[in-house]
Amino acid sequence: MRSEPRKEDVNHPTLLIRADASVAIGTGHVMRCLALAQAWQGSGGKAVFAMADPSPWVCERLRSEGMEIVHLEARPGSLDDARQVVNLARQRAGCWIVVDGYHFDSNYQRSIKEAQVGLLFVDDAGKAGPYCADIVLNQNLHANEEMYSQREAHTQLLTGTPYIMLRRDFTAAPERDHPINSVARRLLVSMGGSDPDNITAKAVEMLQTMEIPGWEAIAVLGQNSTHFASLSDTIRGAGLPIQLVQNADMAELMHWADVAVTAGGTTIWELAFMGVPAVAMTRGEHERMLLQSAAHQGIAIDVGPFQAVAPRDLGKVVASLAFDEARRLKMSKAGRAFVDGLGAARVVDAIRRIPCN
């Protein structure tokens, strides 16, 4: 376990966050935990991220927010991983550990709880039980108590959209009211921080069939993406009005966009908060549940798994929405009603109400 130089501050409690980001995993787990870490800092605490082989871009982003990063050397999700995290919490005088990722299971939870450390377990699907964490957080619309019937008596649940954690990039944005133009011509494409399946290429192919006069698009790729060069060549060769960007201010781009084409991850909640109607496709079961519930509430349009969506069919859905001003207004209002930007602060309050072990 290798740690970076740090400044000790024994007067503030430390929140230790265990989450990973990679091309395969994406950056969603780390980014929502960053929102919690920012809120924890705002309440006077310190945050440390424990990560397995984090990318340089993720490290740079976390450092820019004043976060310490510790590189773990154990296999992610293993009991050795849990032991290293517990030891790190003791070294940093951390009284709470936050765990977020699909490779952490019930044994991982129990290993941490046996060390008498407070544990917040961030979950999406209810499949990591039996749950013994002090708090289980599922910020999705589909979350309910029945998903966590296998939990200890002391385990508290934080479920639903009141606990959606958004970074300061969004909550501190000066403008949130989103203009609804008669025709949506500004299209934002965002398929996550790494987009390992290169769904962005399908969106670019879709845009080549777009029948919206005067349309323009910005496609965002994270620093973890390996497809930037090939997509740049495709866009340049086709002469499309698409700007391909990295290191983007997502709140600013969402305020610019009329409609977003995205994957069904946590970006859905960021778009909802900013009032941007979304057409979304899914990459896995956890995204399917998230997107289906969001579509049911009128926040987004679900076009199904990305593998089954033909670019021309996707283009027809986007074009139909682009010309439907009333529907876009309704979707924008629904999104803002469900996501108020206070979720991270509510989670911090819930943690602080439970005494440290």
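Just so it is clear, none of the values below were taken in a lab; they were calculated from the coordinates. From a predicted model like this one, the values you see are computed outputs, not experimental measurements. Cβ sites come from the backbone with ideal geometry, for glycine too, and all protein chains shown count toward neighbours.
In table form, for the structure just shown:
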read-out	value
Hits in the stretch 196-219 (condition: surrounded by 17 or more Cβ atoms within 10 Å (Cβ to Cβ), touching a helix residue (DSSP H, G or I) at 6+ places or on another chain (Cβ under 7 Å) and outside any helix (DSSP H, G or I))	Met210, Ile212, Ala217, Ile218, Ala219
Any chance Lys330 is without any contact (Cβ under 8 Å) to a residue 12 or more places away in the chain and part of a helix (DSSP H, G or I)	no
Leu290 vs. criteria in contact with a helix residue (DSSP H, G or I) (Cβ under 6 Å, 6 or more places away or on another chain), in contact (Cβ under 8 Å) with a residue 60 or more places away in the chain and crowded, with 16+ Cβ neighbours inside 10 Å	no
Pick from the stretch 132-165, criterion closer than 14 Å to Arg346 by Cα, of a type in the set (A, V, I, L, M) and touching a Ser or Thr at 6+ places or on another chain (Cβ under 9 Å), ranking: surrounded by the fewest Cβ atoms within 10 Å (Cβ to Cβ)	Ile135
Tally of residues being aliphatic (A, V, I, L, M) and under 17 Å from the mean Cα position of the chain (by Cα) across the stretch 220-247	2
Glu285 buried (at least 21 other Cβ atoms within 10 Å of the Cβ) and closer than 20 Å to Asp195 by Cβ	no
Residue selected from the stretch 224-237 under the condition crowded, with 17+ Cβ neighbours inside 10 Å and either in contact (Cβ under 8 Å) with a residue 40 or more places away in the chain or among the acidic types (Asp, Glu) (or both), by the criterion farthest from Ala21 (Cα to Cα)	Ser225
Ser182 surrounded by fewer than 17 Cβ atoms within 10 Å (Cβ to Cβ), in contact with a Leu (Cβ under 7 Å, 6 or more places away or on another chain), outside any strand (DSSP E or B) and among the polar types (S, T, N, Q)	no
